[in-house]
Amino acid sequence: MSESKSLSDMAPKRRRMMDMVLALGGLKEEAVIPLSKVSEEIANLKTELEPLAAEILAFPDAYFEQFLEATESSDIISRIADRGLLKQAISHLQEAVSIRDTESTRGLLTSINTRSETLEGTDDIEEIDTAVDIDSLLSPVSELITQIETVITGYETNAKSAAEEASSELETLVASISEAVSGIQDDPASALDALQKLGTKTRYGPFLRTTAQVKRGIREGRIDETRALQLVSENIMLELRRGVIIFILGKMGSRTVLEISHLMNARSSDIQTAIVSMIQRGEVEMVGLDEDAPVFSRVLEAIPASTLVFKRILQQLNGMGKSLEGDTKSSVVDSVKRMEPLLGRLQKIGQYDETVLAESMNNLRETVDQATEAVLQSSPADSSEDLRLLVSAGLEAFARFRLKITLEKGPNLVSGTNVYGEKLDPEVYERMMSSYLDNELERGTILILIRELGAMTAKDLGEKTSIPKNRILQHLLRMKRDELLTSPGESHGYLLYDVPRTPTEAELTIETASSLALQLTEASSEFESLLQDLKAEDIGKVANALETLSKGRDTLIKITIEGNVVGEDILTGIEEKIRSAVSLAYRTRAKIPSTRPKVTLDDLAEVDVPSVLDEYKAMMGYAPLLGFGTIDWNLSKCLGCKSCEISCPEDAIELKPVVEVSKFFDISDEELDSLPVNRALFYRTVKGLAAQKPVGDIVLTDDSPGFGTVEVDLWLCVACRTCVRRCPGPDEGALELELKWNLPEVVRQITSQN
């Protein structure tokens, strides 16, 4: 291996990794802030937070008092018909009450419980009149599609208006960034301060964290002026560029790379690089094409239910078109052609106000469901009895068509032959169809129960049906993959499953409010608890709790009941206080890095990766992606080919020209049998010629592939497993990685280089 480098010559990545290992071990005393300084910073933070904390902690209760009054005066809860949504809202509020029991939260829980109990007495499933004419059933489809198209056009118009409003803000932001960048060469530290202030407008977490790290490194003297210039010019600017991209996609809608580069006044190659990395991070995804150019959007937390419902309706109409003839078929095909581009437009919009679309979408879904039922009920009298039973069981329309086609085409494979001249054995066909029919019948039963009774868990379905629990879970997973079901949340530790539904304004309001009631209760409770005995390692948790409260406030301000924003005065008054508290927490966290006391090497032995990352995350608010491990080398499987050395991306492994002859005698006959013949013969010859077992090693004068000893520099190794994968040795190869932070060895490597 090459000679050890001095600290000043060490690669920046290695230097940062070394600093963190030393800090984790408490071995770098000069990097650890004195306890007196830590106590002073903690005391300052508590003093600055105290006048803000009381109002921040009080705002959720004050808001939900007004929210409860608004729901009672408007009677909005009585308009909710989605039992699954009610069940999930009840679950959220019950958990919130268990954490902090307030009159407003309990009152909201009582109202929703009452509505849920009322819906339990709804009538049984209505049967469809099979004599209804299919053409008359499908007649409203064209008008409903037109209504939906109008709504989607309105969405696009609103998105365009919002983009125009955001464009002036973006222009100011881009101009300010350009001005700050112009001073990087002369004073990178001042440019970093200016960029940090601008970056807060994007609220992009990776940028804020990276900026805090670099500023701390400059302040502590670990980053010199040359390195600071490089970091600000490259790393900081890349993260800021990503933040601006998120700003554009969030406020101005989906865009192509060229559109983003034009808006940011940046090179398209830089934007392309940033987009690729953001796709890898799971922040951005491609949602369509603009001619030949990919269109990118922010990754949504959840696909809007209306988009899924629209997709399902489209699938149903596609299946229906295959079973119809004449003018009716032409009408269905025309509807499909109109709906396909509308689905693409919905996907490009991303998130939207589903309540505007609710009435038209629900009417279209009901119309297509009824038409589907009618088509199936009009099957010839000699149709399969199983199909008739499936229809009566209320199988989901799309699944029924798949089954109907199978039942129609299957007998042809028994009586005739396929394109290869093969004929299906009748007994095999009977077994296949029996299993297939059972599966479809069970899935149909599950779907109709969920559709009529609301979201249900696997446990609920097991109690209401005679289907074995393992088969219920298999069906649920299959239907979830086919996008016939969604997962709206949990109930008493079990995952809930529901059919895609388009929520009304009332349903969306209650769903959002109940979810936020739980989030805000958890965050405020944690914030209050941490403030009572604030420690350095808790600052990251304080910042996270305040971020949750801030984002919750931002969502609550968008909730309206009968056109009025609920608790607007409360939400407006608390906004600046929460943001100030978040800023204070982040600022203090940047001043206090790890403060673990110094320990001995023996205390650090064999600490595994997860516990170290969790502890570091608690201190700093995030977990860095680092890899350290111990590479075990097995001579009996090594071919001396140098594949590991050649493939190592970090130059951490080398085949040394040293032959450990004594280890030849420890290789068993079984291990020799697994080696290539020539290699095994060499070992056997050495063992046979030796008068006694050698003690020393043989040092070769030159590199000699085929012979030598593999050595690993634990400091350079980042546990990527490239050497393990590339090793061509027998069985699983001559190298094995144990993912452990072998800190004593790593620290010895570091201190020897120091």
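The values are calculated or read from the model by the stated rules, or taken from the named source; none is laboratory data. Remember, it's a predicted structure, so these values are computed and weren't measured experimentally. Positions of Cβ are generated from backbone atoms using ideal geometry, with glycine treated the same way; all protein chains shown enter the neighbour counts.
Taking segment 251-274 only, how many residues are in a loop (DSSP other than H, G, I, E, B) and not hydroxyl-bearing (Ser, Thr, Tyr)?
Within segment 251-274, residues that are in a loop (DSSP other than H, G, I, E, B) and not hydroxyl-bearing (Ser, Thr, Tyr) number 4.
The sole residue among Ser98, Ser91, Ser4 that is at pLDDT 85 or above, on the phi < 0 side of the Ramachandran plot and surrounded by fewer than 16 Cβ atoms within 10 Å (Cβ to Cβ) is Ser98. Only one of the numbered conditions (1) more than 21 Å from the chain's Cα centre (by Cα); (2) more than 23 Å from Arg589 (Cα to Cα) is not met by Arg219, and that is (2).
Checked against the criterion of being assigned to a helix (DSSP H, G or I), out of contact with any helix residue (DSSP H, G or I) (no Cβ under 6 Å at 6 or more places or on another chain), assigned by TED's automatic domain parsing to the domain that holds Glu562 and of a type in the set (Ser, Thr, Tyr), the candidates Ser116, Ser111, Ser104, Ser91 yield just one match: Ser91. Among the conditions (1) outside any loop (DSSP other than H, G, I, E, B); (2) more than 25 Å from Ile90 (Cα to Cα); (3) not polar (S, T, N, Q), Ile448 misses just one, which is (2). Counting only residues that are surrounded by 18 or more Cβ atoms within 10 Å (Cβ to Cβ) and closer than 20 Å to Tyr683 by Cβ, segment 645-661 holds 2 of them. Return a yes/no flag: does segment 543-550 have any residue that is surrounded by 19 or more Cβ atoms within 10 Å (Cβ to Cβ), within 26 Å of Glu72 (Cα to Cα) and not β-branched (Val, Ile, Thr). Within segment 543-550, one or more residues are surrounded by 19 or more Cβ atoms within 10 Å (Cβ to Cβ), within 26 Å of Glu72 (Cα to Cα) and not β-branched (Val, Ile, Thr). Pull up segment 228-255, narrow it to residues that are more than 20 Å from the chain's Cα centre (by Cα) and polar (S, T, N, Q), then point me to the one that is nearest to Thr200 (Cα to Cα). The residue in question is Asn235.
The test for being at pLDDT 50 or above and more than 31 Å from the chain's Cα centre (by Cα) does not hold for Ile592.
Residues in segment 495-523 that are more than 22 Å from the chain's Cα centre (by Cα) and of a type in the set (Gly, Ala, Ser): Ala506, Ala513, Ser514, Ala517.
Filter segment 553-589 down to residues that are modelled with pLDDT of 85 or more and among the acidic types (Asp, Glu) and give me whichever is nearest to Gln519 (Cα to Cα). Ranking the candidates gives Asp554 first. Just a yes or no: is a residue in segment 524-533 assigned to a helix (DSSP H, G or I), in contact (Cβ under 8 Å) with a residue 60 or more places away in the chain and buried (at least 21 other Cβ atoms within 10 Å of the Cβ)? Yes. Among helices (runs of 4 or more DSSP H) entirely within segment 155-235, having at least 1 residues that are surrounded by fewer than 18 Cβ atoms within 10 Å (Cβ to Cβ) and hydroxyl-bearing (Ser, Thr, Tyr) singles out 188-199, 225-231. On inspection, Thr307 qualifies as crowded, with 18+ Cβ neighbours inside 10 Å, assigned to a helix (DSSP H, G or I) and hydroxyl-bearing (Ser, Thr, Tyr). Among the residues of segment 713-754, the ones that are part of a strand (DSSP E or B) and at pLDDT 85 or above come to 2 in all. For Ala212, state whether it is small (Gly, Ala, Ser) and over 28 Å from the mean Cα position of the chain (by Cα). Answer is no for this residue. In segment 53-80, the residues that are free of Cβ contacts under 8 Å to residues at least 24 places away in the same chain reach residues that are surrounded by fewer than 15 Cβ atoms within 10 Å (Cβ to Cβ) and outside any helix (DSSP H, G or I) with C-beta atoms within less than 9 angstrom, at least six apart or across chains, in these pairs: Ser73/Glu562.
Within segment 617-625, is there a residue that is at pLDDT 65 or above, under 34 Å from the mean Cα position of the chain (by Cα), surrounded by 14 or more Cβ atoms within 10 Å (Cβ to Cβ) and outside the structural domain of Ala62 (by TED's automatic domain parsing)? No; the residues of segment 617-625 include none that is at pLDDT 65 or above, under 34 Å from the mean Cα position of the chain (by Cα), surrounded by 14 or more Cβ atoms within 10 Å (Cβ to Cβ) and outside the structural domain of Ala62 (by TED's automatic domain parsing). It is to be established whether one or more residues within segment 325-332 are surrounded by 15 or more Cβ atoms within 10 Å (Cβ to Cβ), in contact with a helix residue (DSSP H, G or I) (Cβ under 6 Å, 6 or more places away or on another chain), over 28 Å from Lys201 (Cβ atoms) and at pLDDT below 85. Yes, there is a match, as at least one residue in segment 325-332 is surrounded by 15 or more Cβ atoms within 10 Å (Cβ to Cβ), in contact with a helix residue (DSSP H, G or I) (Cβ under 6 Å, 6 or more places away or on another chain), over 28 Å from Lys201 (Cβ atoms) and at pLDDT below 85. Remark: Thr509 matches the filter, which requires a residue to be buried (at least 20 other Cβ atoms within 10 Å of the Cβ), in the same structural domain as Thr118 (by TED's automatic domain parsing) and assigned to a helix (DSSP H, G or I). With the requirement that a residue be in contact with a helix residue (DSSP H, G or I) (Cβ under 6 Å, 6 or more places away or on another chain) and assigned to a helix (DSSP H, G or I), what does segment 666-686 give you? Residues satisfying the conditions are Glu671, Leu672, Ala680, Tyr683, Val686. Would you check if Thr211 is of a type in the set (Val, Ile, Thr), at pLDDT below 80 and either closer than 17 Å to Met264 by Cα or touching a Gly at 6+ places or on another chain (Cβ under 9 Å) (or both)? Answer is no for this residue.
Checked against the criterion of being in a helix (DSSP H, G or I), at pLDDT 90 or above and more than 33 Å from the chain's Cα centre (by Cα), the candidates Glu65, Glu30, Glu50, Glu41 yield just one match: Glu65.
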